[in-house]
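Novice: Sharing a structure here in structure tokens format.
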Amino acid sequence: MALRKILTQGDPALEKQCRPVEKFDRKLHWLLDDLKETLTTAGGVGLAAPQIGILRRVVVVEDENEELLELVNPVIVGQEGKQEGWEGCLSVPNQYGWVDRPSLVTVRAQDRDGNFFEVTGEETVARCFCHELEHLDGHLFVEHAGKLYSPDEIDAMEEEKEKKEEFSRRRKKKR
């Protein structure tokens, strides 16, 4: 396994369409292992091959049990509901946007040996499936976010929201 450099917004590799994996060999196994090690070291919840400069349809995603799912040639085959929330990306460091995504997503993919399977994720995992699969088509989450915010800006907004909620609770008590 090897720790890989994560490419950042502006790198041309992040804007390209990835090719399907056709050979399920040792090279693919190394790529999956490298993606997992790089993701774990970076502290993210998902990583796609183009983020490390490999234009293949391969992603790893952390599931609700904090296990890493390997998805080769993944395709979304079902989605339901709606969720809104903050989203960030290892390729867009220290920037977050408010993004709408489905709340339930089912993906059909292959494992490292070429066997097909389906997996369904809810909430954060569903968001991650959508986010990572978009990387495979040359897209970043920033295309869905109206504005990007730094962590300090988000903290300030959350603090302001808490103050307003506290003020509202106090007003209700006085009545």
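The values are calculated or read from the model by the stated rules, or taken from the named source; none is laboratory data. Note that the coordinates shown come from a computational prediction; the quantities given were computed from them, not determined experimentally. Ideal geometry is used to build each Cβ from the backbone, glycine not excepted, and the neighbour counts take in all protein chains shown. Surface areas here come from the heavy atoms of the whole protein model, side chains and all, with no ligands, DNA or RNA. Shrake-Rupley method; radii C 1.70, N 1.55, O 1.52, S 1.80 Å.
Novice: Given the Cα atoms of the chain, and with Rh set as the inverse mean 1/r over their pairs in the Kirkwood sense, what is Rg to Rh to two decimals? Mind dumping the intermediate values first?
Specialist: Details: Rg = 18.4 Å, Rh = 17.3 Å.
Reported Rg/Rh, Kirkwood definition of Rh: 1.06.
Novice: Using Cα atoms only, what is the angle between the long axis of helix 124-135 and the major principal axis of the chain, expressed in degrees (0 to 90) to the nearest 10?
Specialist: Taking Cα atoms only, the helix is inclined about 50 degrees.
Novice: Give me a comma-separated list of calculated 3J(HN,Hα) values for region 5-10, in order, Karplus coefficients 6.51, -1.76, 1.60 applied at θ = phi - 60°, integers in Hz, x for any Gly or Pro.
Specialist: Listing the rounded values in order: 6, 8, 6, 10, 3, x Hz.
Novice: What's the extension gain from D33 to A156 if we count 0.36 nm per residue and subtract their Cα-Cα distance? The partial results should precede the final answer.
Specialist: Details: separation 123, 0.36 × 123 = 44.28 nm, distance 3.80 nm.
Residue separation times 0.36 nm, minus the Cα-Cα distance, leaves 40.5 nm.
Novice: Helix 26-42 versus the longest principal axis of the chain: what angle, 0 to 90°, nearest 10, using Cα atoms?
Specialist: Around 20 degrees separate the two axes.
Novice: Considering the Cα trace of region 116-164, what is its radius of gyration and what is Dmax, both in angstroms?
Specialist: Both quantities, over Cα of region 116-164: 15.4, 50 Å.
Novice: Angle, helix 151-174 long axis vs. longest principal axis of the chain, Cα atoms, 0 to 90°, nearest 10?
Specialist: Orientation of helix 151-174: about 40 degrees from the principal axis.
Novice: Which three extents, in angstrom, do the Cα atoms of region 39-123 have along their principal axes, listed largest first?
Specialist: 35, 32, 24
Novice: Here is a follow-up. Using the heavy atoms of the protein chains and a 1.4 angstrom probe, tell me the accessible area per residue for region 62-175 in square angstrom.
Specialist: On the way: 7030 Å² over 114 residues.
About 62 Å² of surface per residue is accessible.
Novice: Taking amide hydrogens as modeled 1.01 Å from N in the peptide plane, which residues meet the under 5 Å criterion relative to R4, leaving out close sequence neighbours?
Specialist: T38
Novice: Still on this structure, I have one more. With runs of 4+ DSSP H residues as the only contributors, calculate the mean residue ellipticity of the chain at 222 nm using -39,500 (n - 2.57) per run, divided by the residue total and rounded to the nearest 500. Walk me through the numbers on the way to the answer.
Specialist: Details: 3 runs with 53 residues, N = 175.
Helices in the chain give a 222 nm mean residue ellipticity of -10000 deg cm²/dmol.
Novice: Same structure, new question: Quick one: which of K36/K163; K5/K147; K82/K164; K5/K27; K23/K82 span more than 29 angstrom between C-alpha atoms?
Specialist: Numbers: K36/K163 40 Å; K5/K147 26 Å; K82/K164 26 Å; K5/K27 18 Å; K23/K82 36 Å.
Long pairs (Cα-Cα over 29 Å): K36/K163; K23/K82.
Novice: Of all accessible surface on the chain at a 1.4 Å probe, what whole percent is carbon and sulfur? Display every interim value, and only then the final one.
Specialist: On the way: 4830 of 10340 Å².
Roughly 47 percent of what the probe reaches on the chain is carbon or sulfur.
Novice: Estimate the FRET efficiency between K164 and E143 by the formula 1/(1 + (r/R0)^6), using the beta-carbon distance for r and 35 Å for R0, to the nearest 0.05.
Specialist: Details: r = 31 Å, r/R0 = 0.88.
Step by step, r from the Cβ atoms, then E = 0.70.
Novice: Extension gain K172-D100, at 0.36 nm per residue separation less the Cα-Cα distance, in nm?
Specialist: Working: separation 72, 0.36 × 72 = 25.92 nm, distance 3.23 nm.
Taking 0.36 nm per residue and subtracting the Cα distance, the gain is 22.7 nm.
Novice: Hey, another quick one. Note down the net charge around E162, summing +1 for each Lys or Arg and -1 for each Asp or Glu among other residues with Cβ under 11 Å from its Cβ.
Specialist: Working: positive: K161, K163, K164, R169; negative: D155, E158, E159, E160, E165, E166.
Local net charge: -2.
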